[in-house]
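One structure is given below, encoded as structure tokens.
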Amino acid sequence: MKRTLLILVALAGIGIAVSLATGPLGRNAPGQVIMYLRLPRILLAITAGASLAVSGCVLQAVLRNPLATPYTLGISAGAGVTAGFIILSGISLPVFLVYLSGTAGALAASTLTWFLAGRGQRDPSGLILAGVTVNLLGASVLLLIEYMSPASRLVEIIRWMMGDLAVAGYRRVLFLLPFLVAGMVPALLKTGTLNQFLTGTEMAESRGVNTVRERLLLLIAAAVLAGGAVGAVGPIGFVGLIVPHTMRRLAGGDYRKLLPLSAIGGAVLMLWADIFSRVVISPAELPIGVILSLLGGPFFLYLLVKKPRL
């Protein structure tokens with residue numbers, strides 16, 4: 001674990017230095033550009049990446065599915081539909097309410113998934129099926145919204161769905177921070193319970209774990225983490241899939257080590273993906289969701305072939 005931690009810290013430090021020097025003005029950027037454009041972007045990448053990675057790490061244990069991601073609960077569908085309606089309507093809302101509406105949609109979709117699955121049934125496969133159903137319904141509604149949108153609104157919706165870390169000031173970071181704390185603290189306190197979930201529902205219950213209650217609490221934590229990130233930066237995918245499996249390969253499956261390493265790994269992945277999104281077609285930018293999808297697609301196929309273990 002120590003070696004992995006040192007590597008991640010080194011990558012984070014190098015990534016922060018490179019990100020601070022990356023931009024149209026390069027290293028000659030004035031102090032205000034660094035303080036109010038580049039530094040907030042770095043902090044947003046770190047907090048969003050940590051949130052999505054820990055959310056995926058928790059879901060893979062609770063649902064006992066190595067391919068579970070933060071969107072297993074329909075989170076991306078709820079956020080996409082809410083954001084689509086707001087963009088289509090043309091309503092001018094304060095920035096904070098725009099972020100909050102995306103988070104509210106994500107959490108509402110997660111709640112719908114929970115009730116469709118039977119409110120905590122002992123078999124987690126019901127939650128996965130319910131999440132897939134909610135995602136498909138949400139995607140259908142979002143397609144309808146896109147069809148009804150004028151060209152200017154349609155471009156805005158598509159851009160939001162691809163994810164965006166461009167930020168002026170610290171508003172998005174301050175918005176995301178409470179969700180990060182509210183979801184991260186319970187997850188870190190429940191690492192022992194997450195280890196018990198990996199043994200199976202029956203075995204966990206025989207050891208005194210109230211699986212229905214603990215599953216609900218951990219799913220809420222995962223939904224809060226992913227919902228806050230989606231509200232702040234859009235539905236960026238694959239972070240919650242790539243990072244936990246990579247950390248599991250490097251440091252083992254003990255969640256007392258895996259969860260904090262996943263948080264750091266998610267921050268590092270998002271940070272470097274943002275750097276590549278800014279330099280690949282500089283001075284223009286690629287949406288960060290495109291970069292992560294190009295990484296995540298092959299990684300997903302690799303997991304299907306290798307049949308990863310939890």
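The values are calculated or read from the model by the stated rules, or taken from the named source; none is laboratory data. All figures in this text were calculated on a predicted structure; none of them were measured in a lab. Using ideal geometry, Cβ is built from the backbone for each residue, glycine included, and neighbour counts are taken over all protein chains shown.
Can you find, within segment 165-210, the residue that is modelled with the highest pLDDT among those that are assigned to a loop (DSSP other than H, G, I, E, B) and crowded, with 19+ Cβ neighbours inside 10 Å? Quick ask: steps written out before the conclusion?
First, pick out the residues of segment 165-210 that are assigned to a loop (DSSP other than H, G, I, E, B): 165-170, 190, 198-200, 207-210.
With crowded, with 19+ Cβ neighbours inside 10 Å added as a condition, the list becomes 165, 167, 190.
Values: LEU165: 88, VAL167: 79, LYS190: 92.
Within segment 165-210, the match that is modelled with the highest pLDDT is LYS190.
Which condition number in (1) touching a Lys or Arg at 6+ places or on another chain (Cβ under 6 Å); (2) on the phi > 0 side of the Ramachandran plot is the one that GLY90 fails?
The one condition GLY90 does not meet is (1).
Residues in segment 1-23 that are loosely packed, with under 12 Cβ neighbours inside 10 Å and under 23 Å from the mean Cα position of the chain (by Cα): how many?
Here is the first cut: in segment 1-23, the residues loosely packed, with under 12 Cβ neighbours inside 10 Å are 2-3, 6, 10, 13, 17.
Narrowing further to those that are under 23 Å from the mean Cα position of the chain (by Cα): 10, 13.
The total comes to 2.
Taking the criterion of being assigned to a helix (DSSP H, G or I), surrounded by 18 or more Cβ atoms within 10 Å (Cβ to Cβ), among the hydroxyl-bearing types (Ser, Thr, Tyr) and within 14 Å of the chain's Cα centre (by Cα), would at least one residue in segment 258-275 satisfy it?
yes
Which residue pairs have Cβ atoms closer than 6 Å, lie 6 or more positions apart in sequence or on different chains, and pair a first residue in segment 277-290 that is small (Gly, Ala, Ser) with a second residue that is in a helix (DSSP H, G or I) and surrounded by 14 or more Cβ atoms within 10 Å (Cβ to Cβ)?
These pairs meet every condition: SER277/ILE288; SER277/ILE291.
What's the number of the condition ALA232 fails, among (1) at pLDDT 90 or above; (2) within 19 Å of the chain's Cα centre (by Cα)?
The number of the failed condition is (1).
Mind listing whichever residues of segment 177-208 are in contact with a helix residue (DSSP H, G or I) (Cβ under 7 Å, 6 or more places away or on another chain), of a type outside the set (Gly, Ala, Ser) and farther than 23 Å from GLY252 by Cα?
Of the residues in segment 177-208, the ones in contact with a helix residue (DSSP H, G or I) (Cβ under 7 Å, 6 or more places away or on another chain) are 177, 179-180, 182-184, 186-188, 190-191, 193-198, 201, 204-205, 207.
With of a type outside the set (Gly, Ala, Ser) added as a condition, the list becomes 177, 179-180, 184, 186, 188, 190-191, 193-198, 201, 205, 207.
Hits for segment 177-208 are LEU177, PHE179, LEU180, GLU205.
Being in a helix (DSSP H, G or I), of a type outside the set (S, T, N, Q) and surrounded by fewer than 24 Cβ atoms within 10 Å (Cβ to Cβ) is true for just one of LEU67, LEU43. Which residue is that? Talk me through it step by step, then tell me what you get.
On the way: LEU67 fails: in a helix (DSSP H, G or I).
Matching residue, one of LEU67, LEU43: LEU43.
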